[in-house]
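Chemist: The structure follows.
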Amino acid sequence: MLIGRIFGIPVRVDASWLVVFVLFAWMLASGAGPFAGLPAPWRLLAAVLTVLAVFACIVIHETAHALVARRFGIPVGGITLFVFGGVSQIETPPDRPVQEAAVAAAGPLASIVLGLLLGLAAWLAAPSTALHEALLYLGGLNLALAAFNLLPAYPLDGGRVLHAALLGMTGSRDRATAIAVGVSTAVGAMMLGVALLLFFAGDVVQGIWIGLLAWFIMGAARAERASDLTLGGLGAVRAGDVADPPESGTAPQVSCAQALEQMIRISHRALAVNADGHLSGLLTLSDFAKLEGRNPASTPVSAIMTPLPQLRFVTPEVPAVDAFRSLASSRFHQLPVVDEGDRLVGFITRATVLRSLQVRMEAMSSTGGRSPISRELRKKSL
């Protein structure tokens, strides 16, 4: 769910965020929480406001990542709050290790500054008041968030700083990722051990929470490694090599009703809108919501299509890996490939990704590692 924008960056909330919201509010509103001295209704209100402030701090943490990424010219798809906090959707990996380290370090640095400012505000506030307790809690939580994120566990911020340092030392992204994932697995295993100790010592809630974080870290690290190995096999393949050619398109003056009939007939979710041989926009099924009561038989496609300047697209020369990652980080079902003359080369869809990977894995299997492609794929998978 889109809840707003900050510096033009969309901020969304995943459904799993509600779990943490309710859990945090319940913990803070309990008789053992920081607002224990307040009557129950006021305690609940203070708890809810504090939890909202917690997630505002997380948004600031993620915004710091996003703004530094933008500073380096790296596109950012948005910020999403979910069960374990938040994530900035950095669409393409930074080109240089120093950029990767700067983007990763920006979040914890923002949390440290926030923690110190909130701590100072708590010190200035009247002691033993709800405001004092809330500020003290938020300040400590921001410092704890920074400390946790600086753990050398991939894909936490500290793990990404470690990955950047390893990339600078080894010059190999595969090698850097493999080492960073190994360190992450060790950190996750230690956290799991701590979780078990807390659980059996009677601190059940804390034990379960740390155990879930350990499971998340270990799983995310393995997924990151698998992604690098799988996509790495694509090598020098370009977006134009794997794009599916467009079967048909439509013209800007065609009615929305005719365009919809065409999309249903050819079973496509999108139509290229061409004018004088050049792509002027894209019409997708979701665009029909823009009709807002207008008659589709008399409304031209140009009134509801997404114009080319507003489209997310790639050129044919872009590496296929980058195009796949851009598609994965977006909410769209297809990514247009457009050449310098604004002509549509084709579409990259999720089916395109799966087919490209399958063909390359079958090439490796059928040749037994004898061809250059299969040898490279086999080397990537070991």
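Read the figures in this text as sums done on the coordinates, not as results from a lab. Everything numeric in this text was worked out from a predicted model, so none of it was measured. Please note: Cβ atoms are built from the backbone with ideal geometry, for glycine as well, and neighbour counts cover all protein chains shown.
Chemist: Given a cut-off of 19 Å, what percent of all Cα-Cα pairs of the range 1-150 lie beyond it?
Modeler: Pairs farther apart than 19 Å: 57 percent.
Chemist: Which ³J(HN,Hα) values, rounded to whole Hz and listed in residue order, are derived for the range 148-154 from phi using the Karplus coefficients 6.51, -1.76 and 1.60 in 6.51 cos²θ - 1.76 cosθ + 1.60 with θ = phi - 60°, glycine and proline given as x?
Modeler: Computed from phi, the couplings for the range 148-154 are 5, 5, 8, 4, x, 10, 6 Hz.
Chemist: Percent of Cα-Cα pairs per 10 Å bin, from 0 to the last occupied bin, for the chain, please list those.
Modeler: Pair shares across the bins are 5, 18, 25, 23, 17, 10, 3, 0.
Chemist: Kindly work out what percent of the DSSP beta bridges joining two residues of the range 1-150 are antiparallel, to the nearest 5.
Modeler: For the range 1-150, the DSSP antiparallel bridge percentage is about 75.
Chemist: If you don't mind, there's one more thing I want to ask. Sorted by packing (mean other beta-carbon atoms within 10 Å per residue), highest first, where do 255-262, 104-111 land?
Modeler: 104-111, 255-262
Chemist: Once amide H atoms are placed 1.01 Å from N in the peptide plane, what residues at a sequence separation of 5 or more from Arg238, or on another chain, have their amide H within under 5 Å of its amide H?
Modeler: Those lying under 5 Å, H to H, from Arg238 are Ala320.
Chemist: Can I ask one more? Determine, for each peptide in 76-83, 25-32, the mean count of other beta carbons within 10 angstrom over its residues, then list the peptides with the highest first.
Modeler: Working: 76-83: 19.8, 25-32: 15.2.
So the peptides 76-83, 25-32, ranked by packing, come out 76-83, 25-32.
Chemist: In addition: FRET efficiency for Leu212 and Val22, Cβ-Cβ distance as r, R0 = 22 Å, nearest 0.05?
Modeler: Values: r = 15 Å, r/R0 = 0.70.
Approximately 0.90, to the nearest 0.05.
Chemist: How large is ³J(HN,Hα) for each residue in the range 181-189, as worked out from phi by the Karplus curve 6.51 cos²θ - 1.76 cosθ + 1.60 (θ = phi - 60°), to whole Hz, x for Gly and Pro?
Modeler: 5, x, 5, 4, 4, 5, 5, x, 5
Chemist: Explain nothing, just the number: relative contact order of the range 239-355, from Cα pairs under 8 Å at least 6 residues apart, as a whole percent.
Modeler: Answer for the range 239-355 is 33 percent.
Chemist: Quick one: putting +1 on the C-beta of Lys and Arg, -1 on the C-beta of Asp and Glu, what dipole do you get for the range 1-150 around its Cα centre, in Debye to the nearest 20?
Modeler: In total the dipole reaches around 180 debye.
Chemist: Hey, got the dipole for the chain? About the Cα centre, +1 on K and R Cβ, -1 on D and E Cβ, debye to the nearest 20?
Modeler: 520
Chemist: Which percent of Cα pairs goes in each bin when the distances of the range 257-358 are cut into 10 angstrom slices starting at zero?
Modeler: Computed distribution, short to long bins: 14, 45, 32, 9, 1.
Chemist: Sorted by mean Cβ packing within 10 Å, highest first, what order do the peptides 146-155, 203-212, 339-348 take?
Modeler: Ranking, from highest mean packing down: 146-155, 339-348, 203-212.
Chemist: A follow-up question, please. At 222 nm, what helix-only mean residue ellipticity would the chain give, in deg cm²/dmol to the nearest 500, using -39500 (n - 2.57) for each DSSP H run of four or more? Could you put the intermediate results ahead of the total?
Modeler: Values: 12 runs with 216 residues, N = 382.
When only DSSP H runs of four or more count, the value is -19000 deg cm²/dmol.
Chemist: Quick one: the Cα spread of the range 154-232 along its three principal axes, in angstroms, biggest first?
Modeler: Result, largest extent first: 47, 23, 15 Å.
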